[in-house]
Amino acid sequence: MVDVPALVAQAREGRPRAVARLISLVEGASPQLREVMAALAPLTGNAYVVGLTGSPGVGKSTSTSALVTAYRRAGKRVGVLAVDPSSPFSGGALLGDRVRMSEHASDPGVYIRSMATRGHLGGLAWSAPQAIRVLDAAGCEVILVETVGVGQSEVEIASQADTSVVLLAPGMGDGIQAAKAGILEIGDLYVVNKADRDGADATARELNHMLGLGEARSAGDWRPPIVKTVAARGEGVDEVVEALEKHRAWMEEHGVLAERRRSRAAREVETITITALRERIGVLHGDRRLDALAERIVAGALDPYAASDELIASLTGN
């Protein structure tokens with residue numbers, strides 16, 4: 001058994017091994033997970049969570065590394081969750097984006113963790129919300145969450161971040177096409193990376209046009225800006241940070257930040273509850289109650305929806 005209070009205290013002191021152990025408890029769904037979350041709860045709510053998403057090859061890891069550099073220059077403690085596809089053999093993170101951020105490996109003010117999706121759709125790992133909570137409690141002032149390379153529907157980052165950054169790059173073929181159905185709807189800030197390539201201005205213009213075709217905005221509403229960068233050289237990164245801070249200030253002024261965090265907490269509770277119910281239902285396979293309901297359905301005495309209602313009532317005691 002792990003001494004959770006001691007581990008949390010060490011994480012608060014910025015000890016990377018303690019932070020790593022806490023995230024490992026989260027990823028492994030440890031029996032002590034409830035104790036960990038209870039200990040972290042009073043220590044959270046201070047970090048600014050920025051999600052970075054986009055199609056493969058747009059430079060998400062390079063951009064994330066450049067943002068780490070910019071925030072560290074400003075004296076901020078930074079946490080990074082780099083979510084990778086799962087290895088089909090080990091189940092672990094396949095690419096390990098920490099390799100691309102090796103320049104920050106020795107910086108005590110930066111914590112970088114690669115997480116595997118483990119089959120979870122949406123571009124994130126299922127344990128990402130709890131891992132964010134760990135980094136928040138550990139004193140990270142900014143948390144950058146980099147998703148796997150995503151397409152039109154894998155837009156879960158919008159529900160987990162305070163601000164969502166969508167990255168595109170010229171010469172990606174269907175970059176805008178891939179974005180328009182899903183990703184184009186979630187961005188608070190759009191970054192055209194690799195802007196030193198031909199077609200960067202055209203990509204920005206097309207993106208601006210498509211954003212203009214979206215639903216009408218009222219006076220005072222946030223209009224997502226478009227920033228061009230060359231992240232590999234650090235060009236345009238300060239402008240991205242400036243746009244992020246403007247969005248954060250706008251959200252605080254209009255009550256959007258608090259509402260997003262309430263919605264995030266509600267979804268987290270919903271997910272935990274549904275998972276717990278699924279686990280309870282899972283052990284019902286072959287259960288007498290389930291078999292009896294199935295027999296009544298086959299006999300035409302009960303429909304599947306009514307059977308489901310009865311099963312839920314038996315599980316919840318209502």
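Subtracting the Cα-Cα distance of T271 and D287 from 0.36 nm times their residue separation leaves 3.3 nm of extension gain.
Amide hydrogen proximity for Y111: with H placed 1.01 Å from N in the peptide plane, the residues at 5 or more positions away or on another chain lying under 5 Å are V78, G79, V80. Summary of the geometry: segment 1-49 and segment 235-270, compared by the centres of their Cα atoms, lie 24 Å apart. Note on E279 and L43: with the Förster distance fixed at 35 Å, the Cβ-Cβ geometry gives a FRET efficiency of about 0.80. When the residues M1, M37 are ordered by accessible surface, computed with a 1.4 Å probe over the protein chains alone, the sequence from largest down reads M1, M37. Residue-wise HN-Hα couplings along segment 224-232, as the Karplus relation 6.51 cos²θ - 1.76 cosθ + 1.60 with θ = phi - 60° gives them from phi, are x, x, 10, 10, 9, 9, 10, 4, 4 Hz; Gly and Pro carry x. Compared with the alpha-carbon gap, the fully stretched path from E252 to R34 is longer by 75.4 nm at 0.36 nm per residue.
When the accessible area of segment 210-318 is computed with all protein chains present and a 1.4 Å probe, what percentage of it is carbon and sulfur?
On the way: 4130 of 7430 Å².
The C+S portion of the solvent-accessible surface of segment 210-318 is 56 percent.
Maximal additional length on extending the E310-E206 stretch stands at 32.1 nm, based on 0.36 nm per residue less the C-alpha distance.
The values are calculated or read from the model by the stated rules, or taken from the named source; none is laboratory data. Predicted model only: the values in this text are computed from it and were never measured. Don't worry about glycine lacking a Cβ; one is built from the backbone with ideal geometry, like all the others, and counts go over all protein chains shown. Keep in mind that these areas ignore ligands, DNA and RNA; they rest on the heavy atoms of the full protein, side chains included. Shrake-Rupley method; radii C 1.70, N 1.55, O 1.52, S 1.80 Å.
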